[in-house]
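Undergrad: The structure follows.
The values are calculated or read from the model by the stated rules, or taken from the named source; none is laboratory data. Remember, it's a predicted structure, so these values are computed and weren't measured experimentally. Cβ atoms come from the backbone with ideal geometry, glycine included; neighbour counts cover every protein chain shown. Calculation scope for accessible area: heavy atoms of the full protein, side chains included, ligands and nucleic acids excluded. Shrake-Rupley method; radii C 1.70, N 1.55, O 1.52, S 1.80 Å.
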Amino acid sequence: SPAAATTFMMMSDQALADQASAIVDVKVVGVEPAPIVDGPPATDYLVEVNRLLKGDLAGSTVVVRVPGGVNPLGLGLKVWGAPRFAEGENALLFLRPAQDGTYRILHLMLGAFHKRVLGGREVALRDLSEAHEVGPKAEDGVDAIRDFERFSDWVEDRADGVPNEGGYVLGRA
């Protein structure tokens with residue numbers, strides 16, 4: 001039957017890392033509506049780069065544009081599954097550049113990992129609560145819990161061609 005919400009097919013961390021133009025550990029320092037009036041509403045997140053793991057960026061702060069939000073004319077759009085961030089939040093983002101000079105998160109929610117503390121450890125978690133997984137091995141809402149630093153180190157090593165066995169998965173959410 002047709003999908004009634006945002007859907008995704010899970011992909012491996014290897015494929016996600018290989019497809020990203022840039023991968024960054026960031027702190028969100030600003031949140032505002034994108035200044036778009038001739039297209040769908042979006043939200044701009046000004047992020048400060050804590051650590052560049054892969055690729056090159058135009059500076060130490062960049063704008064990450066996520067679909068959904070309210071445009072300057074007051075038109076709103078809700079995109080189920082689109083990542084949302086709070087000012088002051090830290091995250092690990094898999095990015096691709098856009099033609100307008102901003103960056104987009106690769107594969108919407110799949111390329112956005114929120115930094116959280118779980119059991120005294122810093123972990124990387126994706127919010128898959130507003131989307132549904134499709135495919136032969138679909139496990140709606142289930143994802144790996146990743147140690148934030150070990151995952152970041154693995155991403156950086158992979159980008160540099162350095163062997164790294166990973167060992168960053170702590171369990172399942």
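Undergrad: Which of the lysines could a cross-linker bridge to Lys137, judged by Cα under 28 Å and excluding same-chain residues fewer than eight apart?
TA: Leaving aside lysines fewer than 8 places away in the same chain, those within reach of Lys137 are Lys78, Lys115.
Undergrad: Considering only protein heavy atoms and a 1.4 Å probe, what is the carbon-and-sulfur percentage of the accessible area of the chain?
TA: The value for the chain is 52 percent carbon and sulfur by accessible area.
Undergrad: Which whole-Hz ³J(HN,Hα) couplings does the stretch 156-173 yield from phi under the Karplus relation 6.51 cos²θ - 1.76 cosθ + 1.60, θ = phi - 60°, glycine and proline marked x?
TA: Along the stretch 156-173, the couplings run 4, 4, 4, 5, 8, x, 8, x, 8, 5, x, x, 9, 7, 9, x, 10, 8 Hz.
Undergrad: Can you compute the charge dipole magnitude of the stretch 74-173 about its Cα centre, using +1 on each Lys and Arg Cβ and -1 on each Asp and Glu Cβ, nothing else charged? Give it in debye, rounded to the nearest 20. Before the final figure, lay out the partial values.
TA: Values: 13 positive and 17 negative charges, 48 e Å.
Approximately 240 debye in magnitude.
Undergrad: Here's another thing I want to ask about it. Picking from Ala82, Ala58, Ala112, which is most flexible by a Gaussian network model of the chain using Cα springs under 10 Å?
TA: Of the options given, Ala58 has the highest mean-square fluctuation.
Undergrad: What number, in percent, do you get for the relative contact order of the stretch 66-173 if the mean sequence gap of Cα pairs under 8 Å and at least 6 apart is divided by its residue count?
TA: Relative contact order for the stretch 66-173 comes out at 18 percent.
Undergrad: If I model a spin label as a point 7 Å beyond the Cα along the Cα-Cβ vector, how far apart are those points for Ser12 and Ser129 in nm?
TA: 3.1
Undergrad: Any idea of the accessible area per residue across the chain, 1.4 Å probe, to the nearest Å²?
TA: Result: 52 Å² per residue.
Undergrad: What are the ³J(HN,Hα) couplings of the stretch 35-41, residue after residue, when phi is run through the Karplus curve with 6.51, -1.76, 1.60 and θ = phi - 60°? Round to Hz, x for glycine and proline.
TA: x, 9, 10, 10, x, x, x
Undergrad: With labels modelled as points extended 7 Å from the Cα through the Cβ direction, what inter-label distance (nm, one decimal) is found for Glu139 paired with Ala173?
TA: 1.3
Undergrad: So for each of 30-41, 151-162 I average, over its residues, the number of other beta carbons within 10 Å; can you give me the resulting order with the highest mean first?
TA: Working: 30-41: 13.7, 151-162: 17.6.
Most protected by this proxy first, the peptides run 151-162, 30-41.
Undergrad: Another one. Under 20 Å between alpha carbons, and skipping anything fewer than 8 positions from Lys27 in its own chain: which aspartates and glutamates qualify?
TA: Asp44, Glu48, Asp56, Glu87, Glu89, Glu122, Asp127, Asp147, Glu149, Asp153, Glu156
Undergrad: How far is the Cα center of the stretch 5-43 from the Cα center of the stretch 106-173, in Å?
TA: 15
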